[in-house]
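A.B. asks: Encoded as structure tokens, here's the structure I'll be asking about.
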């Protein structure tokens, strides 16, 4: 049975870093780890190909070669997934759709032969039956599987030179119960972890495939199971030392990481350089409203400073549009972020994702409008408590200010001031000089933000090679964040605000 795995196209997003890719010489940020994991559960005798349409086109020859086509993606990729299903069916190929979008919104893929809902572990026979045509329709998992003894994903199927980072997963699930989050709906509130030996086997695979550089540990909450994290990190640190530190890791974690200084030190020793943290809002009322209790147990700005001082850069997630928010929420976010060491600050509108507690509450209140596309920069998919036009215009103003060159520069400088050393790799990676030369030319010589580039990079020349590496990489990152904000996000929010019904004030005027 010839199997074609297809990863659907991402639209332009903040996380896609599309404006930075031309400088790095890569085509996408991260590979489709989910499809690589599925591939590891297929019979070894079956020929398998993987096409990620974000890095290469899906050709008719690929579809003619295949006997079955497996398509994966997230909710924001659903339009591309649907188009791939239709194209495969025109070629008479059997289609199986899976992944996060299929799990939370299976009804979007009624045209597929099979919608594979949930995780693949422990379901090899079910997957094979779906591919061979002995199963049709929606196939849901009976239970969430254990990850003990999990198989290494088939990263050998990837065109690895097309990506800026590789991916690794050590656990699934999160113990917290944030109302708006779909992680606990998909993966549960009891984090399930891989054996340490399985994680090290995946590092061995990456090493043997010749990968050097960044690896995203895609766990929903890396410290969701603190005991497991404490056991795993020393093993990773030892592996790194034994193999010459080939990787730098970044991951996601809840903000209570700041209360674990010993764990943070071990993360740094293991090669972790940054972490995405869901800060959401400085509003205590909003945090209580959505059940983000872990954020109420410590001072959020102090937590960011502690993580930064440990040598781990914070990437922050923020939200506006909570029911308790009013027009002062934007000033509160500005004040929190003004000089915070958080260069990458993602501020989105509250979104009711399918199946979440927020979705269920708003449905009960008859406030849902439509299913979200995954885009947080359009009209909300529910009737907000705050005046909608004020919400959208305030969001646009906030993002425009946060991603002005001056504001982005200040947040980068705050990291350099607050960290004992730049949270970056210990050595220049293959291709690093070429990327640095491209960045200097594109951003420091001919770019419209030349002044920002040199104000960030020049002081690092007197500090250390690691500081130079860090500042150049953040100048490249900033180019995408600034351009995407001002060329796409802010105009989209302005159009959405203009489409809102006139307010009473507008009508009086």
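A.B. asks: Looking at 128, 87, which one is in contact with a helix residue (DSSP H, G or I) (Cβ under 8 Å, 6 or more places away or on another chain) and in a helix (DSSP H, G or I)?
C.D. replies: When all the criteria are applied, what remains is 87.
A.B. asks: Out of (1) touching a residue at least 12 places away in the same chain (Cβ under 8 Å); (2) in a helix (DSSP H, G or I); (3) more than 21 Å from residue 347 (Cβ to Cβ), what's the single condition that is false for residue 437?
C.D. replies: The single condition residue 437 does not satisfy is (1).
A.B. asks: Considering only residues that are part of a loop (DSSP other than H, G, I, E, B) and within 28 Å of residue 16 (Cβ to Cβ), which ones fall in region 161-187?
C.D. replies: Hits for region 161-187 are 164, 165, 169, 170, 173, 174, 176, 178, 179, 180, 181, 182.
A.B. asks: How many residues are touching a strand residue (DSSP E or B) at 6+ places or on another chain (Cβ under 8 Å), part of a loop (DSSP other than H, G, I, E, B) and closer than 21 Å to residue 407 by Cα if we restrict to region 323-367?
C.D. replies: 5
A.B. asks: Has region 118-130 got at least one residue that is buried (at least 23 other Cβ atoms within 10 Å of the Cβ), free of Cβ contacts under 8 Å to residues at least 60 places away in the same chain and either more than 21 Å from residue 182 (Cβ to Cβ) or under 21 Å from the mean Cα position of the chain (by Cα) (or both)?
C.D. replies: Yes, there is a match, as at least one residue in region 118-130 is buried (at least 23 other Cβ atoms within 10 Å of the Cβ), free of Cβ contacts under 8 Å to residues at least 60 places away in the same chain and either more than 21 Å from residue 182 (Cβ to Cβ) or under 21 Å from the mean Cα position of the chain (by Cα) (or both).
A.B. asks: Now, a different point. Which one of these does residue 34 not meet: (1) part of a loop (DSSP other than H, G, I, E, B); (2) touching a residue at least 60 places away in the same chain (Cβ under 8 Å); (3) within 18 Å of the chain's Cα centre (by Cα)?
C.D. replies: Checking residue 34 against (1) part of a loop (DSSP other than H, G, I, E, B); (2) touching a residue at least 60 places away in the same chain (Cβ under 8 Å); (3) within 18 Å of the chain's Cα centre (by Cα), the one that fails is (1).
A.B. asks: Quick check, is residue 422 at pLDDT below 95, assigned to a loop (DSSP other than H, G, I, E, B) and closer than 22 Å to residue 251 by Cα?
C.D. replies: yes
A.B. asks: A further question on this structure: Does region 216-249 hold any residues that are out of contact with any strand residue (DSSP E or B) (no Cβ under 9 Å at 6 or more places or on another chain) and buried (at least 18 other Cβ atoms within 10 Å of the Cβ), and which are they?
C.D. replies: Within region 216-249, 237, 239 qualify.
A.B. asks: Which condition number in (1) modelled with pLDDT under 95; (2) assigned to a helix (DSSP H, G or I) is the one that residue 143 fails?
C.D. replies: Going through (1) modelled with pLDDT under 95; (2) assigned to a helix (DSSP H, G or I) one by one, residue 143 breaks only (2).
A.B. asks: May I ask you to verify whether residue 87 is at pLDDT 95 or above, crowded, with 16+ Cβ neighbours inside 10 Å and farther than 30 Å from residue 189 by Cβ?
C.D. replies: Criteria met by residue 87.
A.B. asks: Among 475, 497, which is modelled with pLDDT of 95 or more, in contact with a helix residue (DSSP H, G or I) (Cβ under 8 Å, 6 or more places away or on another chain) and more than 20 Å from residue 407 (Cα to Cα)?
C.D. replies: 497
A.B. asks: Here is a check on your reading of the model: is residue 408 within 18 Å of residue 460 (Cα to Cα) and under 23 Å from the mean Cα position of the chain (by Cα)?
C.D. replies: Judged against the criteria, residue 408 is a match.
A.B. asks: Additional query: Which residues, taken from region 161-188, are surrounded by fewer than 16 Cβ atoms within 10 Å (Cβ to Cβ) and in contact with a helix residue (DSSP H, G or I) (Cβ under 9 Å, 6 or more places away or on another chain)?
C.D. replies: The answer is 177, and nothing else.
A.B. asks: Please determine whether any residue of region 193-215 is within 20 Å of the chain's Cα centre (by Cα), in contact (Cβ under 8 Å) with a residue 40 or more places away in the chain and surrounded by fewer than 21 Cβ atoms within 10 Å (Cβ to Cβ).
C.D. replies: Yes, because at least one residue in region 193-215 is within 20 Å of the chain's Cα centre (by Cα), in contact (Cβ under 8 Å) with a residue 40 or more places away in the chain and surrounded by fewer than 21 Cβ atoms within 10 Å (Cβ to Cβ).
The values are calculated or read from the model by the stated rules, or taken from the named source; none is laboratory data. These figures come from a predicted structure and were not determined experimentally. Cβ sites come from the backbone with ideal geometry, for glycine too, and all protein chains shown count toward neighbours.
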